[in-house]
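The values are calculated or read from the model by the stated rules, or taken from the named source; none is laboratory data. As the structure is a computational prediction, the values presented were derived from the model and not from experiment. Don't worry about glycine lacking a Cβ; one is built from the backbone with ideal geometry, like all the others, and counts go over all protein chains shown.
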Amino acid sequence: MFVQLNELLNASPERPEEGKLTLLRDTKTDGSFLVHHFLSFYLKAGCKVCFLALLQSFSHYNIVAQKLGVSLAAAKERGQLVFLEGLKSCFDVLFGEEQPLGQTNPLQFISGDGSNLKTMYEFVRTSLMPSGSDSWKCPVLLVDDLSVLLSLGVRLVDVLDFIHYCRVTVCSHLKGNIVVLVHSSEDSEDEENELVVNSLCHQSNLILWVEGLATGFCKDVHGQLKIIQKGSSELKAERNRLQIYQYKIQDKNVTFFAKGMSAAVL
């Protein structure tokens with residue numbers, strides 16, 4: 001995890017918040033470093049994590065996690081991390097690989113008309129449902145990234161229903177957290193994806209919006225991060241808070257600074 005980002009968010013693995021939906025949104029850049037941050041953050045916090053890794057392989061996430069001081073293999077072995085490798089699951093469905101007895105592939109929907117995400121929801125629910133032997137803190141659902149479901153042919157209404165049921169189960173019933181990455185583009189012709197983004201913006205308690213620089217590539221400033229913290233709907237006087245920073249990605253860290261305050265500029 002990135003310590004400086006925790007400071008900006010006033011977050012600590014010693015006291016993880018509960019019942020929150022966090023939207024990770026990226027535009028004209030790659031916001032996956034935020035996924036790696038929250039994955040390592042919640043594992044270090046002692047939370048039970050269900051990770052729907054729809055974009056990359058387990059080895060990819062594990063290599064990055066090791067740089068951040070976390071072993072995903074060890075977390076899986078001790079039952080703290082439930083990892084769905086989307087690429088492998090798609091391969092198994094498309095090429096008819098058999099599942100272990102009594103199990104259903106969470107991505108079974110791609111063999112049909114893409115209208116039923118019930119198997120994936122059940123995978124999330126059963127993965128995070130506490131058992132008598134569990135000693136983990138609040139459960140966490142992490143999705144990288146939700147846009148992939150639309151690319152696989154899932155209908156917009158089913159993607160939104162899936163998020164709704166996950167919110168009810170994870171955030172409301174289990175008092176846990178959800179973190180979702182979605183790609184977006186304000187001039188995109190993919191209307192369904194933008195509808196998903198807009199819907200999640202309204203539902204989220206926290207939005208981290210990563211944008212590429214309007215001036216193009218710069219070796220010392222890699223992009224801009226908007227932190228939007230939603231005010232409570234019960235307190236009309238409490239408004240959304242907006243913070244804007246620029247950042248630079250390093251091998252094992254990400255540094256944040258106020259706009260125009262990069263050491264390369266000063």
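Tabulated values for the structure
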{"read-out": "Single match in D251, D220, D187 (criterion: within 29 Å of N62 (Cβ to Cβ) and at pLDDT below 90)", "value": "D251"}
{"read-out": "Those residues of segment 151-174 which are charged (D, E, K, R) and either farther than 16 Å from G19 by Cβ or more than 17 Å from the chain's Cα centre (by Cα) (or both), in sequence order", "value": "R155, D158, D161"}
{"read-out": "Which numbered condition F58 fails, given (1) under 14 Å from the mean Cα position of the chain (by Cα); (2) under 14 Å from V143 (Cα atoms); (3) of a type in the set (F, W, Y)", "value": "(1)"}
{"read-out": "Residues satisfying the stated conditions in segment 223-241, i.e. modelled with pLDDT under 90 and among the hydrophobic types (A, V, I, L, M, F, W, C)", "value": "L235, A237"}
{"read-out": "Residues located in segment 50-68, provided they are without any contact (Cβ under 8 Å) to a residue 40 or more places away in the chain and either of a type outside the set (S, T, Y) or in contact with a Gly (Cβ under 8 Å, 6 or more places away or on another chain) (or both)", "value": "F58, H60, N62, I63, V64, A65, Q66"}
{"read-out": "Residue identified as touching a residue at least 60 places away in the same chain (Cβ under 8 Å) and within 18 Å of D190 (Cβ to Cβ) among L156, L149, L141", "value": "L149"}
{"read-out": "Pair list, Cβ < 6 Å and 6+ apart or interchain, from segment 1-12 residues that are in contact (Cβ under 8 Å) with a residue 40 or more places away in the chain to residues that are aromatic (F, W, Y) and assigned to a helix (DSSP H, G or I)", "value": "M1/F41"}
{"read-out": "Residues of segment 20-31 satisfying the condition of being modelled with pLDDT of 95 or more and either assigned to a loop (DSSP other than H, G, I, E, B) or polar (S, T, N, Q) (or both)", "value": "K20, T22"}
{"read-out": "Test for F41: is it aromatic (F, W, Y), more than 24 Å from D134 (Cβ to Cβ) and assigned to a helix (DSSP H, G or I)", "value": "no"}
